[in-house]
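Below: the structure, in structure tokens.
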Amino acid sequence: MFDIGVNLTSSQFAKDRDDVMARAQAAGVSGMLLTGTNLHESLQAQQLAKHYPRCWSTAGVHPHDSSSWTQETANTLRQLAEQPEVVAIGECGLDFNRNFSTPEEQERAFTAQLALAAELAMPVFLHCRDAHDRFLTLLDPWLPRLPGAVLHCFTGTLHEAQACLARGIYLGITGWVCDERRGLELRDVVPHIPADRLFVETDAPYLLPRDLSPKPASRRNEPAHLGHILSCVAQLRGEDAQWLSDVTNQNVQTLFGIRL
């Protein structure tokens, strides 16, 4: 199993990061993509990916941090993307749910990162929340120039999923699908995603699956829970979990050029 979304730079992992990684390996996680969400954390994610075996990273600026975007940011990300551990530009996109950065700042940073990914011929690691139409409007002109894209932590509607899939975009599914309150609509969407366009991820330390039993004493999610999410997704799709793991691993190699 490969976890395409791990926020290993989070302060929640500061005290026991080695133990977290050991538990993930013991649970059958064969590799991880460590998420860069701003310039500092992108640099840190690359260093962590270099330190831990079978780890790679992304380099980008999350929409929440878009107000920090400068030309210097772009230049540093360009240099960082030259490192062998960095396999995608992002996390980038739009988040109109909280607007920690203004929509205008978000759109500027998103477009700049799409341009950077096109320049470097790298895939993009995308974020979209409450911004579907505008997100696709900005993304569409760049897709022909990009080698690929994944919309991570997808929680949208079937219509939104189909719009992304029609554009060749991969979808990442998290433990949100295990939530009996918020995840019901996503459970109906998951069977409609072609296996060759699907990823699984924890988005750790966030989105702890609500149906874990026994429930962890902490609300912190870990990559070690990826197998639970994979099993849930496979059950919803009527597929064997090991088969689905093999297919999603192949998707990792296809999109990110990673050799597993």
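The values are calculated or read from the model by the stated rules, or taken from the named source; none is laboratory data. Only a predicted model underlies this, so the values are computations on that prediction, with no experimental measurement involved. Note that we place each Cβ from the backbone using ideal geometry, even for glycine, and neighbour counts take in every protein chain shown. Ligands, DNA and RNA are stripped out before the accessible areas are found, and what is left, the full protein with its side chains, is counted by its heavy atoms. Shrake-Rupley method; radii C 1.70, N 1.55, O 1.52, S 1.80 Å.
Give me the orientation-averaged projected area of the Cα convex hull of region 10-91, in nm², one decimal.
Orientation-averaged projected area of the Cα hull: 5.4 nm².
Counting only protein heavy atoms and a 1.4 Å probe, tell me what percentage of the chain's accessible area is made up of carbon and sulfur.
With neighbouring chains kept in place, the figure for the chain is 48 percent.
Lys and Arg at +1, Asp and Glu at -1: add these up for the other residues within a Cβ distance under 10 Å of ASN7 and post the number.
Numbers: positive: none; negative: GLU41, GLU91, ASP203.
Around ASN7, the surrounding residues sum to -3.
Please give the FRET efficiency for ARG220 paired with LEU184, using the beta carbon to beta carbon distance and R0 = 22 Å, rounded to the nearest 0.05.
After rounding, the FRET efficiency stands at 0.35.
Report the extension gain between LEU212 and THR254 in nm, rounded to one decimal, defined as 0.36 nm multiplied by the number of residues separating them, less their alpha carbon distance.
12.0 nm
With every protein chain kept in the model, how would you rank TYR52, TYR206 by accessible area, 1.4 Å probe, largest at the top?
The ordering from most to least exposed comes out as TYR206, TYR52.
Viscosity 0.890 mPa s, temperature 25 °C: give me the Stokes-Einstein translational D for region 43-186 in µm²/s, with Rh taken as the Kirkwood radius over C-alpha pairs.
Calculated translational D: 157 µm²/s.
Treating only the Cα positions of region 6-47 as identical point scatterers, give the base-10 log of I(q)/I(0) from the Debye formula at each q in 0.16, 0.32 Å⁻¹.
-0.42, -1.14
Counting pairs of alpha carbon atoms under 8 Å apart in space and at least six apart in sequence, what relative contact order in percent does region 96-204 give?
22
Would you mind working out the accessible area per residue for the chain, using a 1.4 Å probe, and quoting it in Å²?
Here the per-residue accessible area is 43 Å².
Using only Cα atoms, what Kirkwood radius does region 86-152 have, in angstroms?
One over the average 1/r among Cα pairs gives 11.7 Å for region 86-152.
Accessible area, 1.4 Å probe, largest first: how do LEU236, LEU184 sort?
On the way: LEU236 60, LEU184 95 Å².
Per-residue accessible area, sorted high to low, gives LEU184, LEU236.
Using every Cα-Cα pair within region 151-259, state what percent have a distance larger than 24 Å.
Tail of the P(r) past 24 Å holds 19 percent of the pairs.
Compare HIS228, HIS51, HIS62 by solvent-accessible area with a 1.4 Å probe and give them largest first, with all protein chains kept in place.
The ordering from most to least exposed comes out as HIS51, HIS228, HIS62.
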